[in-house]
1. Being surrounded by fewer than 22 Cβ atoms within 10 Å (Cβ to Cβ) and not hydrophobic (A, V, I, L, M, F, W, C) narrows it down to one of A:Gly214, A:Gly197, A:Gly186, so name that one.
2. Please count how many residues of the range A:42-81 are among the polar types (S, T, N, Q) and buried (at least 24 other Cβ atoms within 10 Å of the Cβ).
3. Could you tell me which of the residues B:Ile65, B:Ile82, B:Ile74, B:Ile28 is at pLDDT 65 or above and exposed (fewer than 10 other Cβ atoms within 10 Å of the Cβ)?
4. Please specify each residue of the range A:246-300 satisfying the condition of being among the hydrophobic types (A, V, I, L, M, F, W, C), in a loop (DSSP other than H, G, I, E, B) and within 20 Å of A:Ile135 (Cα to Cα).
5. In the range A:342-360, is there at least one residue being in contact with a His (Cβ under 6 Å, 6 or more places away or on another chain), surrounded by 24 or more Cβ atoms within 10 Å (Cβ to Cβ) and closer than 25 Å to A:Leu142 by Cβ?
6. Identify, from the list A:Ser41, A:Ser13, the residue that is touching a residue at least 60 places away in the same chain (Cβ under 8 Å) and of a type in the set (Ser, Thr, Tyr).
7. Identify the single condition in (1) at pLDDT 60 or above; (2) assigned to a helix (DSSP H, G or I) that B:Arg36 does not satisfy, given that it satisfies every other one.
8. List every residue pair whose Cβ atoms sit under 9 Å apart, with the two residues 6 or more apart in sequence or on different chains, where the first one lies in the range C:4-31 and is farther than 28 Å from C:Phe48 by Cβ and facing chain B (nearest Cβ under 7 Å) and the second, anywhere, is among the small types (Gly, Ala, Ser) and buried (at least 20 other Cβ atoms within 10 Å of the Cβ).
Amino acid sequence: MIAAIKAPLIDWSALAPFTSLTVGAVVVLIAGLVGSARLRSWLVPGLALVTLAVTAVELLSRWNHPKVIVSEALRVDNLTVTLGLLCVGAAAFAVILSLRSDTEEGVGRGEYHSLLLFTTIGMLILIAANDLVTIFVGLELLSIPLYVLCATELRREHSLEAGLKYLIVGSVGSATLLYGLALIYGATGSTSLPKIGVAISDTGALTDPLLLAGMALAIAGLSFKASAAPFHQWTPDVYEGAPTPVTTFMATATKAAALGILLRILVGPLLPAVDDWAPVIAVIATLSIVVGNFGALGQDSLKRMLAWSSVAQVGYLLAGLVVATSLGIGALVFYLVVYAVMTLAAFAVVIENERTSDDGERLSGFAGLGRRRPWLAGAMTVSMLSLAGLPPTGGFIGKLAIINADASGGWMWLAIVLVLGSLVSLGYYLRVIATMWMTEGSAEKTPVVKQAREIVAVALLAAAVTIAAGVLPSWPLERAQDVGQTVISSR
Amino acid sequence: MLNSYLPAIVFLLLGGVVGTAFALMNGIFGPKTNRRSASKTSPYECGLPSDVQQGFRFGISFYMIAMLFILFDIEVIFLYPIAVKLKEFGAFALVETSIFVALLFVGFGYVWRRGALSWR
Amino acid sequence: MNIGWYLAVSTIIFAIGAAGVLTKRNALVILLCLELMLNAANLALVAFSRMWGNGDGQIFAIIVMVVAACEVTVGLGLIVAIHRRGLVVDADELSELRG
């Protein structure tokens, strides 16, 4: 009876991104306790950036070296590398964007940056998850620090409320997902994704109501996290209430992680059930496109408008997921990266405008920005054009790729919905551009605070990448196809 | 395709109905007249009448210690599976447990240093 | 053993929790209902674990317990913080404006 349980064989080099982030998060937390406030103000963000840089390099070195590690709990493949880099990059930009904000002073710099790093670990684990347990742990490690981060802007009471609201809604999502995972385990008898795949294709588990109910609950739970309609109601309030750098991080990285794991489950073990889940995803995508685009119309707060627009963007992304081919997945991954970059540009501009004027977050605060700060307005213009899907931007190419995948996969009606949704979206994206360039600012506002060079630089960099992805799309598109290929072939 | 979802939908609907019923039954069958009666607003439902006055507020330290207790208390549950299969785990268990406890100590050190344990 | 009964109880608990989150207004009661949802999943996991005769579900349940405690601690922390700011801990009044 007594069979010695062997320690799991751990491939430390493949595990390196996870360990370095974890160690970095703990070090940053401790660094927030030592030295003077002045020392901490550059030491802590510096250490966080170093940690993220090291992690990025380690992730890059795993490109094209797929490996399943820690007793099959994690799978480090090209999808993990791509989306992991996206999340790590988003975290690094969140650190840079919050360099000048005084929000983390109240909660402590160490805590703020450490929570950011812990969230990033959660995202990496979630994207790399190869086991139901890892999915849940990753999701919670992503969510719990984010709840706190949303509540960190202590001087605004909205921030605390946003945190609590996000906690309640997010926990409902997690619990729903967990129940779904429990049912999937019940139907197949294993928590490991590959074994679940075997159980589904070999036995009659496919028609098991347990599996279908579990799948539905899991999709609903992850839709909460990705803020896809009809599970999106929390998005505008939380995006508005959270500190803007945290909102930026949520809008880019959280969505990438949630869509990444949705992709891994649905196109992995659940691929035999594609006829069951594809219509559900298509309906969620359509709802998101419709609800998001109409919700964004007429919003006066830029953060709320971007929140609604992010709901619509998730709809576009899910439209790529419906086509469970390498073409669709490639389009999804490409658009996900482009979406993150253009959203980053938009939020960076909002942050800078928020710093320098009183109503910088309202649409009225953008009046006359083109005259006052043409570079900033330029970056915003590129971002808006790209979000709307107009050439010559990455957003145009990404949407084209998704429409192409939809059309070739027999989802013509979804492609039409996508195009119609984009037309509606012009209504609010172009409104921002018109406000910036065609209206005069109310009275000449003398900037009281100094302009933040690094924030402008982030905005310009993101805008440049957005255009580059639109002008020279072949290299990133091919890489995205590589990722799609590995996901399909790895099952 | 939709047919195969039927059991799942029935399952969810049934759950929804039962859940709502339980949540609403309180309001239907419970006494309606005195929603804010003295016994309902008092801190304890039974026992001696408490000395706690209306405006009394607990110090923040109570909550701090309580929340920290929940965290450190529940972490011990991870030792349970190892305790059950201690013989089979062998030396691996010792290493594993040591690392785990060391990590807990890092957390404890942080909490201590941050001043969350000092009584205010 | 018949898995159906365990599953039925767990579904009912989950539904009570979900309905409570939707209908209750006090943030503390909402946290309690969230715990109900998570523990319903735990019950299902342990029952399935018994049915399949492997320990995966039990390990999963233990991890869920710890995660649930973390979630609740953060929730309580936020509620205490809101309370100390003199704000109301009432979910209806929390949601400033929707849409």
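The values are calculated or read from the model by the stated rules, or taken from the named source; none is laboratory data. Owing to the predicted nature of the structure, the values given are computational and were not obtained by experimental measurement. We place every Cβ from the backbone using ideal geometry, glycine too, and count neighbours over all the protein chains shown.
1. The conditions single out A:Gly197.
2. 3
3. B:Ile28
4. A:Val267, A:Leu270
5. Within the range A:342-360, not a single residue is in contact with a His (Cβ under 6 Å, 6 or more places away or on another chain), surrounded by 24 or more Cβ atoms within 10 Å (Cβ to Cβ) and closer than 25 Å to A:Leu142 by Cβ.
6. Result: A:Ser41 is the single residue among A:Ser41, A:Ser13 that is touching a residue at least 60 places away in the same chain (Cβ under 8 Å) and of a type in the set (Ser, Thr, Tyr).
7. Answer for B:Arg36: the failing condition is (2).
8. If the second residue must be among the small types (Gly, Ala, Ser) and buried (at least 20 other Cβ atoms within 10 Å of the Cβ), the pairs left are C:Thr23/B:Ala23.
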